[in-house]
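Q: Take a look at this one; I'll ask things after.
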């Protein structure tokens, strides 16, 4: 099942059939993640429906990215399970990806010495079957899939508006384009569910609007989207539902309007002891007015995470 | 390439400088007509008006210098379209003159060392030195201009093919002539000369053009390279000694090429690779018809080759599957330990410390020659009146093995699997998250590389006649890694160059043997420090080693576009040049 | 039972030697995540440094026990340490420091180069110093009165004085090292650097010096091991670092690389395993010719079943 087979449709993946009823796509059941004595995610249960955009918010260190990593198999959860279409997802990133959950990273993790097109082509790996013998002897399957991979990848590049960057090294792309390229790469996996980890971090308002529009178009392809974001305007105007995670637990779940005005959420963000000058329960006090904080300050202390705390790769930090 | 500031001020004197250089060139043209030495030293440079081969080499270089000097004067470098105008002749002249000075100096010093001393030099030698010094000082005043980038230049196919053929003819000449030089000094001088020619070509810009041409005419390149390699034994006048060296180089190069899949493509440092070669060789030995073979079964050779490959691959799986999950660092040491396990085991399986399989340190001698359908590899054959000896026969067989390994290397590299390897090298966790089977791909590289080494080993057993454990020690593995590092990780040409240098130099420079390992160790350190990507690097590898070099990144981006033109020409679809235009439109 | 105890003692003393070298691997790995492949050669250089000191003292022979143990041995120890530390610091400065931000392959390959170059330099040039023995074959190590050749009977056990020296040296070094790492400013700087070099630099720690210190500490212990090796085997040769280095690395991994206590435990364990293997594996494979094989098989088994080592390693997920 490849996008190429549906050349007639407007978008590369638009033709992907959706057999199951438009309801539960992914269920997280009591997912708990402990690092030593620290419980980063505590019994989080979450349903993601087909074709919806679900926002995941929460103050720094609430365990959002850790939860992401549990969903994508990067951390095997201490307890609990994740089901996709009723099937338990194995805690292996590669198998989760093949099953149809793909993601982007909070700090961009492109293959930066590859061209834009090659980056996207890598994601076609688990949608192609060429084996070593096919490749060595240039058998028909290799040729067919190679052409197909190239075409499909190019179309995904065009889908996110990077059609002109095909042969540019991804490290030479501007920051905003790198974010979009990561999304193109994730989409080339033909996911049923796309996880976006702070897709607008570091973007200006114009780029943020473009990102919002892009995510709407992704939803148009019948791909569900789970998005972590600190930019509340972005979240509340984009999402169908919003979940607020605090200290590893689900605090509130509901429509943007419900979450936006929920006093517990406001308290979690602003802190109970602080009184704003105009703390009346008016729209001004809603979260939509909270801008993302300084990204440098967002970095959690590494010591809190014994797995990544011991040693860091370039730009490898985690909430 | 920063030049000292004071050199810039010289450029005022470019015109007189060029004249001085021309005078020096004239001297250099005249010098080979005179005797250089009192007695024959490197080669016979004692005659009037009869240049020796080395003098001819110098003369050829002088002509190149003259051409560069004149063309640099005549041709204005502002053109962007034609090939002739984009070459940078001033740079070529600089390189040629400086290199000529080095060449002349090496020849004179080597002669003086072999003869009684400087007194043994005749005026011709001094004249050449004076000419070279004049030329070198003259060219220092020439403006260097920018480094020529001819990679995006489009030129007609016939010109490109001609260029490839000429380049390969040069390679054949260097190999054939160089291998025949027995005198260390002459060999060294000739090596310097050959290196200089390549350097001048690079400085002028021809090398960049050639690499583009090669990329765009891959099939021509492959075909002519194999023709050249095939023809090579005929140039050696049936000298089996030379062909034995050539066969040795080929075995080494083939093994290094296999290792390059593991190190260069998948990025796994395997320090015990020689053990896989050894496993293949021992398998072939015990399955051969040698009277000392310990297994009384000797299947036909093609089956032995397969078994050898599989035994090695099996060992590769055994070592790789536990360690590849853990970390790249561990792999290096575990493979090293595996190499030791292999060596010790082969030594111990002698009947007293273990079952008798390998006859311990004695190894298995008297492995008979191969015999395919009545073609006996051990006996000489006459083809076109030239005697093709034992080693030439094996040379051709090894060429086949080499071809197989290159095929595997390049085709895997340019496939879904190759992309997966690059992704793993760049960011393994991201690759895994994008659905790439990282463990499987690493294991494929590791076991596949082992298989190829096993195949090469099975042939090596017959070429070497005997197989002993002390041929397969850690140092040999280190040499293989060095061959790759020196030549360039992830490229075919690089491995060929690296293997040739590492294997040929010690054969020819015997007097240097004691210091071989020391030099080699220091070479590794220096290479890693100053040019970790090797002499002929893979572009992506080069980028990885120079993560912060933006200029390089741009250059490579240009290059990718150029190669896209190539792949379009090679393929059938799309309009030619779409890659280049796409790039041009959007930058 | 006596045989068992005897082999246990033999194994422990052999293991102490491995442990002294293994600490060098572990300290350096812990701080820069580099496998200092040339560390075996530092050990060898230390042995030669000790020997050189003895030669410079006029090759004193047949001294009283007091002078031998009170003057000659400490001088040799000091000479060995100075030589090893000097070489290690030069190596760090010239070969490793420039490669700190290079891809992982670069320092490893550089290390192989250093290793070979050091072996060859000693092999080729040491013997050319006037009056010094030919270093292309094994050099007999000086007789130290009071240690060389002496044994003590203890119950049914025979213990060599050199074994006691090695074990004692390990004990002293471990205590000193513990004190240095935990109680001194530089030790704490090293700990901080190993946690996070960038942050440490921001906190005003001289990271370069901390790393150099790690190399120096490892080298000093390797020199002690070099002397102990000479006393134990009564000769030294330029190639002795290769196998011992490999064994010591095995020990470091066994204990959990990056963990100093682990190196000690791993070394002792490895020594005991080797000693026991030659005694208790029946048949031909129990002969001493196979003991190195068993050590390396142990290394591979550890990586399969307990990659973090006996006492737990720093996280290793870099490829």
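The values are calculated or read from the model by the stated rules, or taken from the named source; none is laboratory data. Just so we're clear, the structure is a prediction, and the values are computed from it rather than from any experiment. Cβ coordinates were reconstructed from backbone atoms using ideal geometry, including for glycine residues, and neighbour counts include every protein chain displayed.
Q: Return the residues of segment A:90-108 that are outside any helix (DSSP H, G or I) and without any contact (Cβ under 8 Å) to a residue 60 or more places away in the chain; say none if nothing qualifies.
A: Correct list: A:90, A:91, A:92.
Q: Kindly indicate the residue of segment B:409-427 that is within 26 Å of the chain's Cα centre (by Cα) and outside any helix (DSSP H, G or I) and also surrounded by the fewest Cβ atoms within 10 Å (Cβ to Cβ) among those meeting that condition.
A: It comes out as B:414.
Q: Identify the residue in segment A:188-219 that is touching a strand residue (DSSP E or B) at 6+ places or on another chain (Cβ under 7 Å) and within 12 Å of chain B (Cβ to nearest Cβ) and, among all such residues, is nearest to residue A:82 (Cα to Cα).
A: Per the criteria, the residue is A:195.
Q: If only one of C:181, C:122 is over 28 Å from residue C:268 (Cα atoms), buried (at least 18 other Cβ atoms within 10 Å of the Cβ) and touching a helix residue (DSSP H, G or I) at 6+ places or on another chain (Cβ under 8 Å), which one is it?
A: Result: C:122 is the single residue among C:181, C:122 that is over 28 Å from residue C:268 (Cα atoms), buried (at least 18 other Cβ atoms within 10 Å of the Cβ) and touching a helix residue (DSSP H, G or I) at 6+ places or on another chain (Cβ under 8 Å).
Q: While we're here: For the condition within 14 Å of the chain's Cα centre (by Cα) and not in a loop (DSSP other than H, G, I, E, B), what is the one hit in A:201, A:184?
A: That would be A:184, the only listed residue that is within 14 Å of the chain's Cα centre (by Cα) and not in a loop (DSSP other than H, G, I, E, B).
Q: How many of the residues making up segment A:235-258 are touching a helix residue (DSSP H, G or I) at 6+ places or on another chain (Cβ under 6 Å) and part of a helix (DSSP H, G or I)?
A: 3
Q: Are there any pairs with C-beta distances below 8 angstrom linking a residue in segment A:136-156 that is within 10 Å of chain B (Cβ to nearest Cβ) to a residue that is crowded, with 16+ Cβ neighbours inside 10 Å and not in a helix (DSSP H, G or I), with the two at least 6 apart or on different chains, and if so which?
A: A:142/A:130; A:142/B:415; A:145/A:128; A:145/A:130; A:146/A:130; A:146/B:415; A:149/A:124; A:149/A:128
Q: Quick one: which of A:238, A:276, A:214, A:226 is modelled with pLDDT under 90 and more than 23 Å from residue A:38 (Cα to Cα)?
A: Result: A:276 is the single residue among A:238, A:276, A:214, A:226 that is modelled with pLDDT under 90 and more than 23 Å from residue A:38 (Cα to Cα).
Q: Under the condition of being under 26 Å from residue C:196 (Cβ atoms) and at the interface with another protein chain (Cβ under 9 Å from one of its Cβ atoms), which residue from segment C:302-319 is modelled with the lowest pLDDT?
A: Only one residue fits best here, namely C:319.
Q: Quick check on segment B:464-493: of everything there that is within 14 Å of chain C (Cβ to nearest Cβ) and outside any helix (DSSP H, G or I), which residue is nearest to residue B:347 (Cα to Cα)?
A: So, considering only residues that are within 14 Å of chain C (Cβ to nearest Cβ) and outside any helix (DSSP H, G or I), the one nearest to residue B:347 (Cα to Cα) is B:473.
Q: Also: Please state which one of B:284, B:332 is more than 11 Å from chain C (Cβ to nearest Cβ), surrounded by 23 or more Cβ atoms within 10 Å (Cβ to Cβ) and either closer than 18 Å to residue B:451 by Cα or touching a residue at least 12 places away in the same chain (Cβ under 8 Å) (or both).
A: The conditions single out B:284.
Q: While we're looking at this one, here's another question. Which of the residues that make up segment B:522-538 are in contact (Cβ under 8 Å) with a residue 12 or more places away in the chain, at the interface with another protein chain (Cβ under 9 Å from one of its Cβ atoms) and either surrounded by fewer than 22 Cβ atoms within 10 Å (Cβ to Cβ) or over 18 Å from residue B:492 (Cα atoms) (or both)?
A: B:523, B:524, B:527, B:528
Q: Moving to a separate point now. Please enumerate the residues belonging to segment C:82-100 that are within 14 Å of chain B (Cβ to nearest Cβ) and either in contact with a helix residue (DSSP H, G or I) (Cβ under 7 Å, 6 or more places away or on another chain) or surrounded by 14 or more Cβ atoms within 10 Å (Cβ to Cβ) (or both).
A: Answer for segment C:82-100, where residues must be within 14 Å of chain B (Cβ to nearest Cβ) and either in contact with a helix residue (DSSP H, G or I) (Cβ under 7 Å, 6 or more places away or on another chain) or surrounded by 14 or more Cβ atoms within 10 Å (Cβ to Cβ) (or both): C:87, C:91, C:92, C:95, C:96, C:97, C:98, C:99, C:100.
Q: Taking the conditions exactly as written (in contact (Cβ under 8 Å) with a residue 60 or more places away in the chain, more than 27 Å from residue C:121 (Cα to Cα) and not in a helix (DSSP H, G or I)), does residue C:205 satisfy them or not?
A: Here the answer is no, as residue C:205 does not meet what is asked.
Q: Hey, residue A:60 hits all of (1) more than 21 Å from residue A:232 (Cβ to Cβ); (2) part of a loop (DSSP other than H, G, I, E, B); (3) touching a helix residue (DSSP H, G or I) at 6+ places or on another chain (Cβ under 6 Å) but one; which does it fall short on?
A: (1)
Q: Limited to segment B:337-369, what total is found for residues that are in a loop (DSSP other than H, G, I, E, B), at negative phi and surrounded by 22 or more Cβ atoms within 10 Å (Cβ to Cβ)?
A: 2
Q: Would you mind stating whether residue A:166 is without any contact (Cβ under 8 Å) to a residue 60 or more places away in the chain, within 10 Å of chain B (Cβ to nearest Cβ), over 30 Å from residue A:25 (Cα atoms) and in contact with a helix residue (DSSP H, G or I) (Cβ under 7 Å, 6 or more places away or on another chain)?
A: So residue A:166 passes the test.
Q: Would you point out which residue out of A:44, A:122 is touching a helix residue (DSSP H, G or I) at 6+ places or on another chain (Cβ under 7 Å) and assigned by TED's automatic domain parsing to the domain that holds residue A:196?
A: A:44
Let's see how each residue does on (1) under 22 Å from residue C:15 (Cβ atoms); (2) without any contact (Cβ under 8 Å) to a residue 40 or more places away in the chain:
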site: C:122; (1), (2): no, no
site: C:139; (1), (2): no, no
site: C:150; (1), (2): yes, yes
site: C:154; (1), (2): yes, yes
site: C:158; (1), (2): yes, no
site: C:163; (1), (2): yes, no
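Q: Could you identify the single residue in A:12, A:76, A:93 that is at pLDDT below 90 and either over 19 Å from residue A:187 (Cβ atoms) or assigned by TED's automatic domain parsing to the domain that holds residue A:264 (or both)?
A: None of the others qualify; the one that does is A:76.
Q: In the list B:430, B:499, B:461, which residue meets the criterion of being crowded, with 20+ Cβ neighbours inside 10 Å, more than 23 Å from the chain's Cα centre (by Cα) and either more than 9 Å from every other protein chain (Cβ to nearest Cβ) or outside any helix (DSSP H, G or I) (or both)?
A: So the residue among B:430, B:499, B:461 that is crowded, with 20+ Cβ neighbours inside 10 Å, more than 23 Å from the chain's Cα centre (by Cα) and either more than 9 Å from every other protein chain (Cβ to nearest Cβ) or outside any helix (DSSP H, G or I) (or both) is B:461.
Q: Would you confirm whether any residue within segment C:71-81 is in contact (Cβ under 8 Å) with a residue 24 or more places away in the chain and either surrounded by fewer than 14 Cβ atoms within 10 Å (Cβ to Cβ) or in a loop (DSSP other than H, G, I, E, B) (or both)?
A: No, segment C:71-81 has no match at all.
Q: Can you tell me which condition residue A:98 does not meet? The list is (1) surrounded by fewer than 22 Cβ atoms within 10 Å (Cβ to Cβ); (2) over 17 Å from the mean Cα position of the chain (by Cα); (3) facing another protein chain (nearest Cβ under 7 Å), and all the others hold.
A: Condition not satisfied by residue A:98: (2).
Q: Condition first: surrounded by 18 or more Cβ atoms within 10 Å (Cβ to Cβ), touching a helix residue (DSSP H, G or I) at 6+ places or on another chain (Cβ under 8 Å) and not in a helix (DSSP H, G or I). Can you find one or more residues in segment C:104-114 that meet it?
A: Yes; the residues of segment C:104-114 include at least one that is surrounded by 18 or more Cβ atoms within 10 Å (Cβ to Cβ), touching a helix residue (DSSP H, G or I) at 6+ places or on another chain (Cβ under 8 Å) and not in a helix (DSSP H, G or I).
Q: I'd like the residue in segment A:53-85 that is more than 26 Å from residue A:217 (Cα to Cα) and surrounded by fewer than 18 Cβ atoms within 10 Å (Cβ to Cβ) and, out of all such residues, is nearest to the other protein chains (Cβ to nearest Cβ).
A: Top of the filtered list is A:76.
Q: So which residues in segment C:197-221 are more than 22 Å from residue C:84 (Cβ to Cβ) and crowded, with 18+ Cβ neighbours inside 10 Å, if there are any at all?
A: C:197, C:200, C:205, C:207 - these are the residues of segment C:197-221 that are more than 22 Å from residue C:84 (Cβ to Cβ) and crowded, with 18+ Cβ neighbours inside 10 Å.
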